[in-house]
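Read through the structure below, which is laid out as structure tokens, and then see the notes.
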Amino acid sequence: METHGGDPLLSGFEDPEGFGFETRAIRAGQPHDSRTGGVVTPIALSTTFAQDAVGQPKFGYEYARTGNPTRHAYETCLASLECAQYGFAFSSGMAAEDSLLRFLEPDNKIILGNDAYGGSFRLIDKIYGRNKISHEAIDLSNPNSIKEAWTTDTKIVWVETPTNPLLNVVDIQKISEITHELGGLLIVDNTFATPYLQKPISLGADAVVHSATKYLGGHSDVVGGFVATNNENLVEHLSFTQNAVGAVPSPFDCYLVLRGIKTLAVRMDRHCKNAKAVVDFLSQHPKVKQVFYPGLEDHKGYAIAKNQMKDFGGMVSFTVSGGRQEAEKISASTKVFTLAESLGAVESLIEHPGAMTHASVAGSPLEVPDDLIRISIGIESIEDLLEDLENALSFS
Ligand code: PLP
């Protein structure tokens, strides 16, 4: 199925699959502009496109909600990185999740991890729940528990790995085998790992979703979402829904994520390296009760993470012995780490999930410990990050 216009200027990098990840991140979907030789994909602001005759657009584009050359370049590039033939860009991660979940019908059921991102849970619980779509949040670290939760109405297993904020890791391949045996679809939120560290579709997932706001954009300056898939039914559904609902990103937003993706590999390497040093530091600090990081050998998901991820990522969470009060004080005491929501960008961020990003799941099975601090490790000088944490921990 052809889902994108065939603009000869932006129709794709010749045989992108023949090239390595980093090369595709920079070139897939982004041939040089044949009019000017420009090496950067233009931000195509036009909302409408000239037609040669009625119903015959010159380059396959008609109206910018339906298709736009900058979005097409971004969709081609990120789909290639996710080992998918089709990619669909949305105006936020939540818009991407919502557009995908509109696939479901009343009385269908979703099985999801019991520590999924609070916003995903809220969407499934509060919005889809209203439309008679039920859900069950279970511990996916035991993939066989899917069989117990499964009913004839179950259509989707929704997996996040590593999870936000507890960094739990689940076995994508095993879950995909069980889900497919039962006749369902496996959706993986790959926001924390990114396609550089983990490729869910090659492990059996039917679709990957992203908050492109995080590592893909990478600079805290764009909100975006994405779905990549090879599943023909989902392709048909998403092609229709992306246009019919219209939760699409602006050309400038597409440009920003595409630009971010070019440096994804080098940024991720540095995020991972800095995270390891921070984990070593926190693991030895007397005020720290427990560190959550999939790269720790005593982490429950370490063996799975080592097997399905290239490295362990830039997100770290930890609990402190002084409880909620101390956790909040530390979160507000750093100088290089900024106290703010979000994650995955070049600058380091710190937050208290219970009071901030995960406040919406208080009282639900997804509630997080109140002495938990989540940090997104940026790519600054590691000495500055360690000194900042040392100071915040000692003065709190
Ligand atoms: N998925 C995960 C794992 C997230 O962390 C987030 C946001 O924090 C989302 C989805 C939602 O993405 P957005 O904020 O871009 O709508």
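Does Glu367 qualify as being within 16 Å of the ligand (Cβ to nearest atom), open to solvent by 50 Å² or more (accessible area, probe 1.4 Å) and not aromatic (Phe, Trp, Tyr)?
So Glu367 fails the test.
Which condition does Leu166 not pass, out of (1) closer than 21 Å to Tyr293 by Cα; (2) touching a strand residue (DSSP E or B) at 6+ places or on another chain (Cβ under 8 Å); (3) buried (at least 23 other Cβ atoms within 10 Å of the Cβ), if it passes all the others?
The single condition Leu166 does not satisfy is (3).
Output the helices (runs of 4 or more DSSP H) that fall wholly within segment 236-350 and possess 2 or more residues being touching a residue at least 60 places away in the same chain (Cβ under 8 Å) and in contact with a Phe, Trp or Tyr (Cβ under 7 Å, 6 or more places away or on another chain), or say none.
251-262, 264-283
Residue by residue, here is whether (1) outside the structural domain of Ile201 (by TED's automatic domain parsing); (2) more than 16 Å from the ligand (Cβ to nearest atom); (3) over 20 Å from Gly118 (Cβ atoms) holds:
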| position | (1), (2), (3) |
| --- | --- |
| Asp311 | yes, yes, yes |
| Met315 | yes, no, no |
| Ser321 | yes, yes, yes |
| Ala332 | yes, yes, yes |
| Val346 | yes, yes, yes |
| Ala362 | yes, yes, no |
| Ile382 | yes, yes, yes |
| Leu385 | yes, yes, yes |
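Looking at segment 255-292 only, could you name the residues that are touching a strand residue (DSSP E or B) at 6+ places or on another chain (Cβ under 6 Å) and under 21 Å from Ala212 (Cα atoms)?
Scanning segment 255-292 gives a single hit, Ala275.
For segment 184-205, how many residues are within 18 Å of Phe90 (Cα to Cα) and either more than 10 Å from the ligand (Cβ to nearest atom) or touching a Lys or Arg at 6+ places or on another chain (Cβ under 7 Å) (or both)?
Qualifying residue count for the region: 5.
Restricting the search to segment 221-235, which residues are more than 10 Å from the ligand (Cβ to nearest atom), within 14 Å of the chain's Cα centre (by Cα) and either in a loop (DSSP other than H, G, I, E, B) or among the charged types (D, E, K, R) (or both)?
Once the filter is applied, which keeps residues that are more than 10 Å from the ligand (Cβ to nearest atom), within 14 Å of the chain's Cα centre (by Cα) and either in a loop (DSSP other than H, G, I, E, B) or among the charged types (D, E, K, R) (or both), segment 221-235 yields nothing.
Would you be able to say whether some residue in segment 148-157 is over 30 Å from Asp371 (Cα atoms), part of a strand (DSSP E or B) and open to solvent by 10 Å² or more (accessible area, probe 1.4 Å)?
yes
List every residue pair whose Cβ atoms sit under 7 Å apart, with the two residues 6 or more apart in sequence or on different chains, where the first one lies in segment 112-123 and is in the same structural domain as Ile156 (by TED's automatic domain parsing) and in contact (Cβ under 8 Å) with a residue 24 or more places away in the chain and the second, anywhere, is of a type in the set (Ser, Thr, Tyr) and near the ligand (Cβ under 10 Å from one of its atoms).
That search, which allows pairs on different chains as well, returns Gly113/Thr163; Asp115/Thr163; Ala116/Thr163; Gly118/Thr357.
Looking at segment 200-237 only, could you name the residues that are in contact with a Cys (Cβ under 6 Å, 6 or more places away or on another chain) and surrounded by fewer than 24 Cβ atoms within 10 Å (Cβ to Cβ)?
Correct list: Ser202 only.
What do you reckon, is Glu160 open to solvent by 10 Å² or more (accessible area, probe 1.4 Å), assigned by TED's automatic domain parsing to the domain that holds Gly119, over 14 Å from the mean Cα position of the chain (by Cα) and not small (Gly, Ala, Ser)?
In short, no.
Please verify whether segment 163-183 includes one or more residues that are free of Cβ contacts under 8 Å to residues at least 60 places away in the same chain, within 16 Å of the ligand (Cβ to nearest atom) and not in a strand (DSSP E or B).
So far as segment 163-183 goes, yes, one or more of its residues are free of Cβ contacts under 8 Å to residues at least 60 places away in the same chain, within 16 Å of the ligand (Cβ to nearest atom) and not in a strand (DSSP E or B).
The values are calculated or read from the model by the stated rules, or taken from the named source; none is laboratory data. In this text the structure is predicted, and so the values were computed from the model without any measurement. Cβ sites come from the backbone with ideal geometry, for glycine too, and all protein chains shown count toward neighbours. Just the protein is used for accessible areas: all its heavy atoms, side chains included, with ligands, DNA and RNA removed. Shrake-Rupley method; radii C 1.70, N 1.55, O 1.52, S 1.80 Å.
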